[in-house]
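Please treat every number below as a calculation from the coordinates, not as lab data. It should be emphasised that the depicted structure is a prediction, and the values quoted were computed from it without experimental measurement. Reconstructed Cβ throughout: ideal geometry from the backbone, glycine too, with neighbour counts over all protein chains shown.
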Amino acid sequence: MKKIEVISLVLDDSNRVEINLHGSTITSWISNKEERLFVSEKAIFDNKKAIRGGIPIVFPQFGPWDNNRPQHGFARTKKWKIKDEIKKTSQEVSVSLSLSDDEDTRKLWNYSFELIFEIRLTLNSLKNTLTVINKDSSDFDFTCLLHTYFKLPDIENFRIHDLKTAHFIDKVENGLEKVEQEDSIKIASEVDRVYTNCSKNHRLEISNKTQIILEKTNFPDTVLWNPWIEKATKMADFGSEEYKIMVCVEPGYVSKRLALKSNETFSASQKLTIFFFKFV
Ligand code: TA6
């Protein structure tokens, strides 16, 4: 019997989500018949590498990890299990997946844990909740993030709002600390920024017809990333022109580590709500 690798949440003919068990990566969000998430044409689906696009989960380490451990941790490269079967009403469809420690994760990070990722789709929204349960007898700490790749018709027309006055670490300038001056941020070169303790909501202008409101709960930081031309050509699993049709806006707990006591639980979520504008 063929094993299920991809789960589909189907609300109706125009609204659906696909989740790959590899990393519990949401690889497609169709809202009002259109794809809203970017997945590279060169993404590798070998059940080893992280999928280049969609919503990979970063845990227990954001960014490079010492002692040759994998960048962005292991949650995005492990096979997750179905925790709660698909539930469907006329308004909403949802599922929960989980990942627990095993021999591989313990070699990298020697703790007992459970991660639960809940995905909820409604007519105009997608909500993702990440729960971390410390099942160890010791306390542990970690960073985590939802590495959300949005699909764009054209980066020229993309704008992100609600970051003015936020402090950020500019990774393109060797981690220089800056304060955002812009009301409406446009991307026209490589961007790799960690906005720390910033606004809970961001308005994303995807095109002149579509906006997405990103609402964060318990994710104090927001990462903004576009590799632009030079970096794009250096990534084996990313098309050299694809920087024009994507942007990552990533809610996370990354600028400091989150300490979780034995038997404690932490939950954080992002809710993406889509708005359409009709011009008459
Ligand atoms: O979240 C932004 C970032 O950490 C960038 O620094 C960047 O290079 C990117 O994620 C992609 O990382 P990856 O390990 O998926 O190639």
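Here are some notes:
- Qualifying positions in segment 43-64 - surrounded by 14 or more Cβ atoms within 10 Å (Cβ to Cβ), in a loop (DSSP other than H, G, I, E, B) and out of contact with any helix residue (DSSP H, G or I) (no Cβ under 8 Å at 6 or more places or on another chain): ALA43, PHE45, ASN47, ARG52, GLY54, GLN61, PHE62, GLY63
- Checked across segment 118-130, the condition of being within 18 Å of ILE57 (Cα to Cα), in contact (Cβ under 8 Å) with a residue 60 or more places away in the chain, assigned to a strand (DSSP E or B) and touching a Pro at 6+ places or on another chain (Cβ under 7 Å) holds for no residue.
- Members of segment 205-245 that are more than 12 Å from the ligand (Cβ to nearest atom), of a type outside the set (Val, Ile, Thr) and part of a strand (DSSP E or B): GLU205, GLN211, LEU214, GLU215, LYS216
- Residues of segment 66-92 that turn out to be within 16 Å of the ligand (Cβ to nearest atom), in a loop (DSSP other than H, G, I, E, B) and either in contact (Cβ under 8 Å) with a residue 24 or more places away in the chain or among the aliphatic types (A, V, I, L, M) (or both), as a count: 5
- Among the residues of segment 251-262, none qualifies, meaning not one is under 17 Å from PRO56 (Cα atoms) and either away from the ligand (no atom under 15 Å from the Cβ) or surrounded by fewer than 18 Cβ atoms within 10 Å (Cβ to Cβ) (or both).
- Positions within segment 47-65 being without any contact (Cβ under 8 Å) to a residue 60 or more places away in the chain, of a type outside the set (Gly, Ala, Ser) and within 15 Å of the ligand (Cβ to nearest atom), in sequence order: LYS48, ILE51, PRO64, TRP65
- Within segment 263-280, considering residues that are of a type outside the set (S, T, N, Q) and surrounded by fewer than 16 Cβ atoms within 10 Å (Cβ to Cβ), the one farthest from ARG193 (Cα to Cα): VAL280
- Among the conditions (1) exposed (fewer than 14 other Cβ atoms within 10 Å of the Cβ); (2) within 15 Å of the ligand (Cβ to nearest atom), the only one that LYS178 does not satisfy is (2).
- TRP109 vs. criteria in contact with a Gly (Cβ under 9 Å, 6 or more places away or on another chain), of a type outside the set (D, E, K, R) and under 23 Å from LEU9 (Cβ atoms): no
- Just one of the listed residues (LYS200, LYS178) is more than 15 Å from the chain's Cα centre (by Cα), of a type outside the set (Asp, Glu) and farther than 22 Å from GLN270 by Cβ, and it is LYS178.
- Condition check for ILE7: assigned to a strand (DSSP E or B), aliphatic (A, V, I, L, M) and within 16 Å of the ligand (Cβ to nearest atom): no
- In the set ARG36, ARG106, ARG120, only one residue is over 21 Å from LYS216 (Cα atoms) and away from the ligand (no atom under 16 Å from the Cβ); that residue is ARG106.
- Reported count of residues in segment 102-113, each being touching an Asp or Glu at 6+ places or on another chain (Cβ under 8 Å) and either of a type in the set (Asp, Glu) or part of a strand (DSSP E or B) (or both), is 1.
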